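S.K.: Below you will find the structure I want to go over with you.
The values are calculated or read from the model by the stated rules, or taken from the named source; none is laboratory data. The structure presented is a predicted model; accordingly, all values stated were derived computationally and were not measured. Every residue, glycine among them, receives a Cβ derived from its backbone with ideal geometry; neighbour counts consider all protein chains shown.
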Amino acid sequence: MQVEDASHRPHRLHATLSAAQEAVVVALRETLLLPLDDLLAVTRESSTPEVSRFGLDRCLRRHSVSNLKTLMPQEDGAKNMVRNLPIVSAPPASASPRVPTRLIASAPPTASNIA
């Protein structure tokens, strides 16, 4: 006779958000571009007060809207801005950096010696 343990996997996943609520959360994320904590506050106030931050994050990951940077609209000029910058050579190592004279003075700054 062989004894087997029952499955340890949950038979019912306890999701706090229904499919309709998840759709609303995803739509809010895509249109308002809210960070996770702000979206959590809106979700708790509007429909589901028992939703956790982790549960909301899992929902956003499931629907591939967890990264705000990928959701932000990018301008065409922003991508090529680095390519358009002029190349500037560094000054020679023997050149001394310019130090403002008021920083060289030994007296602490007062109202009379601050220009």
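S.K.: Six or more apart or on different chains, Cβ atoms under 8 Å: show the pairs whose first residue is in the stretch 22-45 and at positive phi and whose second is at pLDDT below 95 and of a type outside the set (A, V, I, L, M, F, W, C).
M.R.: As it stands, the answer is none, since no pair meets every condition given.
S.K.: Moving on. Of all the helices (runs of 4 or more DSSP H) wholly in the chain, which have at least 1 residues that are of a type outside the set (D, E, K, R) and at pLDDT below 70?
M.R.: Counting at least 1 such residues, we get 76-79, 101-104.
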